[in-house]
Amino acid sequence: MASKADTIGARVRYWRMRRGGMSQAVLAGLAGVSQSYISQVESGRKTIDRRSTLVAVAAALQVTVADLLGQGTETGDPARERAAECVPAIWSALIEIEDGERRPSTLSREELAAGIARSEQLRHRSNFPAMAQMLPGLLLEAAAAGGPALAQVAYQASACLRHLGYRHLALNAARVAVTAAEDVEEAAWLGATRFAYAQSLPIESAPLAARAADRSLAELQSAASDERVRQMLGQLHLSAALASTVSGRLDAARDHLTEAAREAATLGDPADGMGFNGCGFGPTNVTLWEMSIAAESGEPGRVIELSRTVRPQVLAASIRQMSYWLDLGRALADSGRRDNEAIAAFVRAEQAAPVPFSLNPLAQDAVVAMAQRAKRRAVPNELRLLAGRLGISLAA
């Protein structure tokens, strides 16, 4: 079986060889895992399921997590390549805005609002390549208009760039968004943009992300009478819970989850499935984050247990439905004994948000691992089709 050359395991081996032919045993010792685990990761028989393990392996190899995930490199995926053509113009617009330049507006207030709404619809549908085409002009128009428009569009740009794998530019966009929200003193948008900032930080900066969320939570408490602010407080608690889990601060993670669940219980799920800025904060979203946190904690059984208590279709954003099915699929695939169920979950994840799923390195590696397990028998047709759509070649 030949698999995609740029899996996480293949990159681990590549960088290990670049480090003077470092042995698997030495890498394992530096990263705090077993040599057998490194061997299975490199061969594609096992995936790296936890962000904290990615951080440890990357540090041992003296590279970034983005290097191991292949983010910021060409994937051969047509959708990402279309988006990549727009990224230089988005970057240029962000630099211009950060430098304080403002072009004259060419759109009426109504036309700008319509453009922002269209970009927001594309975000909810996870159509990030189409968003990327809109963003260069929309950013400059929002900057010319001033007010909360720039905070909203820069937030959209940050989300788009992050999901396309350009996390460093997503961080630039988040900073633009935060500055815009501070300028208009809009508490709800300040919460949203600070959330975008925490989400855009590299995985290695999980402790910083948790501290940034903590600072924002303290700052926004005085505006908690606004329901939109409460939704963003909940999202910041969730972000801090995951970041604290990655950095090993489990007590802090539990405290943040408890606060998020308490806030969600009083607010309920948003009636339109979206809520303020499409954040979808409520009991359903809390459970989805709990699933991700359980996965990060190495508890696949807990992920499966939580999955039975939630209906992801309550939330309108397709990326959240993809997250549900992806976390469930990875948990089902963990033991190697429920691969058929895992394949079905991955297919549902792909149907929910095709572009983000196709670009997700963890999804790609999980499919490779299942194919490795199946190579001595007939590979299920569903797995073969899924692998093909991810650009993974399955050959006998």
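The values are calculated or read from the model by the stated rules, or taken from the named source; none is laboratory data. Everything numeric in this text was worked out from a predicted model, so none of it was measured. Ideal geometry is used to build each Cβ from the backbone, glycine not excepted, and the neighbour counts take in all protein chains shown. What goes into the accessible areas is simple: the full protein's heavy atoms, side chains included, and nothing from ligands, DNA or RNA. Shrake-Rupley method; radii C 1.70, N 1.55, O 1.52, S 1.80 Å.
Got at least one residue in region 170-178 being within 14 Å of the chain's Cα centre (by Cα), open to solvent by less than 40 Å² (accessible area, probe 1.4 Å) and not basic (Lys, Arg)?
Within region 170-178, the first condition is being within 14 Å of the chain's Cα centre (by Cα), and the residues that meet it are 170-171.
Cutting the leftovers down to open to solvent by less than 40 Å² (accessible area, probe 1.4 Å) gives us 170-171.
If we keep only those that are not basic (Lys, Arg) as well, we get 170-171.
The answer is yes, given that some residue of region 170-178 is within 14 Å of the chain's Cα centre (by Cα), open to solvent by less than 40 Å² (accessible area, probe 1.4 Å) and not basic (Lys, Arg).
Can you find even one residue in region 23-33 that is farther than 30 Å from residue 342 by Cα, of a type in the set (A, V, I, L, M, F, W, C), open to solvent by 60 Å² or more (accessible area, probe 1.4 Å) and in contact (Cβ under 8 Å) with a residue 60 or more places away in the chain?
no
Would you point out which residue out of 119, 108 is closer than 23 Å to residue 320 by Cα and modelled with pLDDT of 90 or more? So that I can check it myself, show each step before the final result.
On the way: 108 fails: closer than 23 Å to residue 320 by Cα.
From the options 119, 108, the qualifying one is 119.
Every residue in region 87-100 that is open to solvent by less than 100 Å² (accessible area, probe 1.4 Å) and either in contact with a Phe, Trp or Tyr (Cβ under 8 Å, 6 or more places away or on another chain) or outside any helix (DSSP H, G or I) (or both), please.
87, 100, listed by residue number.
Select, from 181, 113, 144, the only residue that is more than 21 Å from residue 356 (Cα to Cα), more than 16 Å from the chain's Cα centre (by Cα) and either open to solvent by less than 10 Å² (accessible area, probe 1.4 Å) or of a type in the set (Asp, Glu) (or both).
Working: 113 fails: either open to solvent by less than 10 Å² (accessible area, probe 1.4 Å) or of a type in the set (Asp, Glu) (or both); 144 fails: either open to solvent by less than 10 Å² (accessible area, probe 1.4 Å) or of a type in the set (Asp, Glu) (or both).
Within the list 181, 113, 144, the selection yields 181.
Are any residues in region 43-75 at pLDDT 90 or above, open to solvent by 30 Å² or more (accessible area, probe 1.4 Å), assigned to a helix (DSSP H, G or I) and closer than 17 Å to residue 18 by Cα, and if so, which ones?
Across region 43-75, the qualifying residue is only 59.
Test residue 193 against the criterion of being of a type outside the set (Asp, Glu), assigned to a helix (DSSP H, G or I) and surrounded by fewer than 18 Cβ atoms within 10 Å (Cβ to Cβ), and give yes or no.
Numbers: of a type outside the set (Asp, Glu): yes; assigned to a helix (DSSP H, G or I): yes; surrounded by fewer than 18 Cβ atoms within 10 Å (Cβ to Cβ): no.
For residue 193, the condition - of a type outside the set (Asp, Glu), assigned to a helix (DSSP H, G or I) and surrounded by fewer than 18 Cβ atoms within 10 Å (Cβ to Cβ) - is not met.
Could you pull out the residue among 199, 221 that is more than 17 Å from residue 55 (Cα to Cα), modelled with pLDDT under 95 and assigned to a helix (DSSP H, G or I)? Even if it seems obvious, please write down each step before you answer.
Numbers: 199 fails: more than 17 Å from residue 55 (Cα to Cα).
Only one candidate qualifies: 221.
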